[in-house]
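The structure appears right after this line, and notes come after that.
Read-outs: derived from the displayed coordinates by stated rules, not from any lab. This is a predicted model, so every value here is computed, not measured. Because the Cβ atoms are built from the backbone with ideal geometry, glycine has one as well, and the counts that use them run over all protein chains shown.
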Amino acid sequence: MTAPLEVEDLSFSYDSPLALKGISFTVRPGERVGLAGANGSGKSTLVWCILGLLRCGGSVRLFGEPPGGGVLARVGVVFQNPEDQLFLPSILDDVALPLINRETPRTAAHARARAMLAAVGLAGCEGRPAAALSLGQRKRAAIAAALIDAPALLLLDEPTAELDGRSVRQLKELLLGLDAAMLIASHDLSFLRDIALRAVVLGEGKILRDGPVGPVLGDSALLLDAGLI
Ligand SMILES: Nc1ncnc2c1ncn2[C@@H]1O[C@H](COP(=O)(O)OP(=O)(O)O)[C@@H](O)[C@H]1O
Ligand SMILES: [Mg+2]
């Protein structure tokens, strides 16, 4: 089975020095991988590179294909900043958009979007624009939008950063119930320990460690070095 995500010798620079250097790793079907790293370590830049939104060196393959075109329909994304993906007059429209784009009838698309918004605790907010929601609520709407079309790969950038305890618990349950492969960029180590099978630790744009989540996120010297504790 083709790996949902293969990254090989990826490098990227906004200016100098390099923001990402020699990044190689694979996410296999159904695998949940935590991308742990301190602020500024390069997590969001890596997510943008994976999606082909930044031109980087090396190679990225999504389901065996370069990013862009049809393959992106199989990828659900939650950007760190929800404003990057919620822009329609209501979050119901934002969440239904991927279905509408695939020519799902409007009534059916809206029914599924309502159910997805309820699953992230936003029942009753469907008619509001993202601008009229709190940051945590916007993040949850972005999660609903990422999940609506049953993606086979999910890229989640700081999914818990603005969420309260209950929302984090609901998100954990939601994600653990999915078969999708996931790359979860976060410095929330407790969330990653609960959700990921593997952890890739980034430090100053390089992979410091890649391995099973327990031993990797249990290595205090590594976490200290990475600025995670
Ligand atoms: N638009 C930008 N222009 C220049 N440098 C940037 C830009 N965005 C991020 N950076 C720099 O790239 C590095 C990685 O940032 P980022 O990927 O946002 O890290 P993280 O998501 O891990 O916090 C940081 O040093 C950051 O300051
Ligand atoms: Mg970031």
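One table, with the values for the structure above:
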item	result
Per the chain, cysteines lacking a partner by the 4.7 Å Cβ criterion	CYS125
The chain - percent relative contact order, Cα under 8 Å, separation 6 or more	27 percent
Between helix 165-176 and the chain: long-axis angle, C-alpha atoms, 0 to 90°, nearest 10	80 degrees
HN-Hα J in Hz across segment 77-89 - Karplus 6.51, -1.76, 1.60, θ = phi - 60°, x for Gly and Pro	10, 10, 6, 4, 9, x, 4, 5, 9, 10, 8, 7, x
Over segment 1-73, relative contact order from alpha-carbon pairs under 8 Å, at least 6 apart, %	39 percent
Crossing angle, helix 106-119 versus the chain [Cα axis fit, 0-90 degrees, rounded to tens]	60 degrees
In nm, spacing of pseudo-spin labels at MET1 and ARG102 (7 Å Cα→C-beta vector)	1.8 nm
Descending Cα extents along the principal axes, segment 56-120, whole Å	42, 26, 21
Karplus-derived 3J(HN,Hα), 6.51/-1.76/1.60, for each residue of segment 132-146, Hz, glycine and proline x	9, 10, 6, 4, x, 5, 4, 4, 5, 5, 5, 5, 4, 5, 5
Residue-by-residue Karplus 3J(HN,Hα) for segment 211-217, coefficients 6.51, -1.76, 1.60, Hz, glycine and proline x	x, x, 4, x, x, 5, 7
Segment 118-188, relative contact order in percent, only Cα pairs under 8 angstrom and at least six apart counted	38 percent
